[in-house]
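Below is one structure, written out as structure tokens; the observations come after it.
The values are calculated or read from the model by the stated rules, or taken from the named source; none is laboratory data. Every value quoted in this text rests on a predicted model; they were computed, and no experiment measured them. For neighbour counting, all protein chains shown are included, and Cβ atoms are generated from backbone atoms with ideal geometry for every residue, glycine included. Keep in mind that these areas ignore ligands, DNA and RNA; they rest on the heavy atoms of the full protein, side chains included. Shrake-Rupley method; radii C 1.70, N 1.55, O 1.52, S 1.80 Å.
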Amino acid sequence: MPLLQLPGLFALLAFLALAFGIFLGLRHRQRSKRRLSSLAAVADAFAAGNNLVRAEIGGGDAIGQLAQHLNHMIGQLEDERRALRDSEQQLRSLINAAPVGMLVIDPQGRIDSANPAAAQIFDCPSHQLCTQSADDLLLGQDAWARLLAQPNCNLEFAARRGTGSFPLEASCTPFLRSGQALQLLLVRDIGDRKAAENRLHYLAHFDPLTGIANRTHLLARLELGLQCGEAQSLLFIDLDHFKRINDTLGHEIGDQLLRGVAERLRKCVPPGALLARLGGDEFIVLLSAELAGQADAVAEQLLQAFRQPFHVRQYELFTTPSIGIAQHAHGPASASQLLKAADLALYQAKNRGRNRLAHFDHRLADDAEQRRQLEAELRSALARDEFELYYQPQIDRDGRQRTFEALLRWHSPRRGLVGSAEFMPVLEETGLILEATRWVFRQACRQQRQWQAEGRDWGIAINLSPLDFRQSDLAGTLLAILAEEQPQARRLELEITESTLLDADQQVLDTLHALKQAGLTLFLDDFGTGYASLTYLQFFPFDGVKIDRQFVTGLPDCRESVALVRGILVIAEQLDMQVVAEGVENQRQADFLRRNGCHRLQGFLFGRPQSAAACIRNSEASCSASHVNA
């Protein structure tokens, strides 16, 4: 080939190379475009919800690497989408299972969605709730507006349920969803809670037995009236001897009687008055404002109403009221002060014989204050050993002192020597008598032992209170003192009043038997004044009886007293019992009793209560006089 043809060959080869390069470039470009289109199709498919699509493009070039990144991103997005879906499902399950009603409210106040609890609360399917608005469910003017004005606050409303209503507690919380402002309404049915609150309020202000107001309600109403300056009158009512009905017929009958009493009182009190039960058998009628002036008339009407019996099951029961009246017209006062005044007036009505009314006056308050001071001093007296035993002699048929009745005296630093009649009722009412009895019994034991050591065969009679027998172990207490002090038990006499035995049970009988077995002598005191004196002699182990002074006073001129005393002496003789007559004040009484066989006499005729030392002096003086006369 000629050399001149070589350049043309090179040019041809260059052209062919260029053309081939252009061909390869165009082919690569088309392939890349197809690969990129495939990537775009994968992205569109994933966006359309195909979670399984993946880019199937290999190679290590940029497009291959882009395909790998796309597949990785799709995997991550699918994991996140799955996690979000699971979270939404869990949230939906929680919302559906929540015991609190949840409703989503749109900006127009319409219900967008509701959970099953809301449907149950409103007794309406969820899809029907979504056709209503919040104002359709909540009763009351501007209820939904009030909720919106106080976000995240619990408010109480009446809500509609079917054709009725119920109490509801609701709160709303604003939130955004897809850029839309919504409200989450939380609702709770508080019907049970309200019923419980109402029940607690009822129990706090009303008596569950009778259904009338209780002490708390009364005091609140009374205080309010006093603060308003209204006139107030209180009628404090207590049933006479209600305890006997409870003890004999049982508390169930007693409770039914109290219901009957409350109903009868309710019918008697005027409209506008408040009837309350303080507790037990105590009732109050509160008359306020213009009713306050009717206190006496209302009280008299109540007394008349109780003349008719109460019928409880098969029983026809009679009970009477004692009524204390306290009034307040003007000036400062408190509910407790007025209630205390009415209580003092009631106490006065009881003291005057029961079944009557009594008015408060300031003398009653003075008496109550003196009694309070007396009670405080008596408590100190027991601690300071200010008591002393005095002894009144009992004379036998031969005129000799054989036994002395121990009588309690109080050496008060402020009052001087005080007789038992002044302070014994307070000891009884306060329960201090229990401690006083133990002290008396111990001192009597010591005195008897001392007299016995001095060669004086004197006995001591000791009084027991009815309250002493309410102790669970009276016999054990007295026998323990007996063992410690070591007197001669046979020279100690225990005097038991008939009132002790009025409601006696097996415990009282066991106590008397235990004391008698220990060698103590038992006397029935105030014989003849009770309801069943002869029955007591039959069933209880008494060694003797003590004739009450009211029978002795009429001797020997009163025919009834003569017959009764002779009858007692005959019965005692037949039962081989000793008889002591108290209250003997003149020789004619003494002569009659001795002629009819009375064993011992006691009274001012033979000596007043005196100290133990005075007993010895008088005895020695009597012996000296006897020797001189001899």
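Worth a mention:
- Computed from Cα atoms, the angle from the helix 6-47 axis to the main principal axis of the chain rounds to 30 degrees.
- In terms of its C-alpha gyration tensor, region 207-360 has a prolate overall shape, because the principal axis ratio a/c (a ≥ b ≥ c, square roots of the eigenvalues) is not below 1.5 and a/b outweighs b/c.
- Rolling a 1.4 Å probe over the protein chains gives Arg160 an accessible area of about 100 Å².
- Residues of type lysines that Lys243 reaches as a straight line, Cα spacing below 20 Å, ignoring anything fewer than 8 places off in the same chain: Lys350
- Relative contact order, whole percent, for region 207-360 stands at 31, derived from Cα pairs under 8 Å and 6 or more residues apart.
- With contacts taken as Cα pairs under 8 Å at a separation of at least 6 residues, the chain carries a relative contact order of 6 percent.
- Two-site FRET efficiency, His127 against Ala47, from Cβ-Cβ distance with R₀ of 25 Å, rounded to 0.05: 0.20
- Contour excess over end-to-end distance, with Cα ends at Glu422 and Asp296 and 0.36 nm allotted per residue: 42.1 nm
- Shape of region 413-524, Cα gyration tensor, a/c cut at 1.5: oblate
- Angle in degrees between helix 62-97 and the longest Cα principal axis of the chain, rounded to the nearest 10: 30 degrees
- Using a probe of 1.4 angstrom and keeping all protein chains present, the accessible surface of region 99-195 works out to 53 square angstrom per residue.
- Label-point gap, in nm, between Asp367 and Glu484 - each point 7 angstrom along Cα→Cβ: 3.8 nm
- Listed by chain and number, the lysines placed with their C-alpha closer than 21 angstrom to that of Lys516 are Lys546; residues fewer than eight positions away on the same chain are left out.
- From helices alone, the chain scores -16000 deg cm²/dmol at 222 nm; the rule is -39500 (n - 2.57) for each run of n ≥ 4 DSSP H residues, then divide by the residue total.
- Whether region 371-625 is rounded, prolate or oblate, judged on the alpha carbon gyration tensor where a/c under 1.5 counts as rounded: rounded
- Extension gain from Glu386 to Ser334, taking 0.36 nm per residue of separation minus the Cα-Cα distance: 14.9 nm
- Percent of Cα pairs in region 99-195 per distance bin of 5 Å, from zero to the largest separation: 3, 14, 26, 29, 19, 7, 2, 0, 0.
- Computed from Cα positions, the angle between helix 433-453 and the longest principal axis of the chain comes to roughly 40 degrees.
- For the chain, share of DSSP beta bridges that run antiparallel, in % to the nearest 5: 70 percent
- At q = 0.06, 0.10, 0.11 Å⁻¹ the log10 of I(q)/I(0) for the chain amounts to -0.63, -1.08, -1.19, computed by Debye summation with a single uniform scatterer per C-alpha, solvent ignored.
- Region 177-253 and region 279-302: distance between their alpha carbon centers, rounded to Å: 21 Å
- Under 14 Å from a label point set 7 Å out along the Cα-to-Cβ vector of Glu454, the amide N atoms of region 572-613 belong to 610-613.
- Accessible surface of the chain [probe 1.4 Å, protein heavy atoms]: carbon and sulfur percent: 52 percent
- Alpha-carbon spread of region 176-223, three principal axes, descending order, Å: 61, 24, 9
- Label-point gap, in nm, between Ser611 and Thr173 - each point 7 angstrom along Cα→Cβ: 8.8 nm
- Pair Gln471, Ser113: separation of 7 Å Cα→Cβ label points (nm): 7.9 nm
- Rounded Å value of the spacing that divides the Cα centres of region 307-341 and region 396-467: 39 Å
- Other residues whose C-beta falls under 15 angstrom from the C-beta of Ala613 contribute a net charge of +2, scoring Lys and Arg +1 and Asp and Glu -1.
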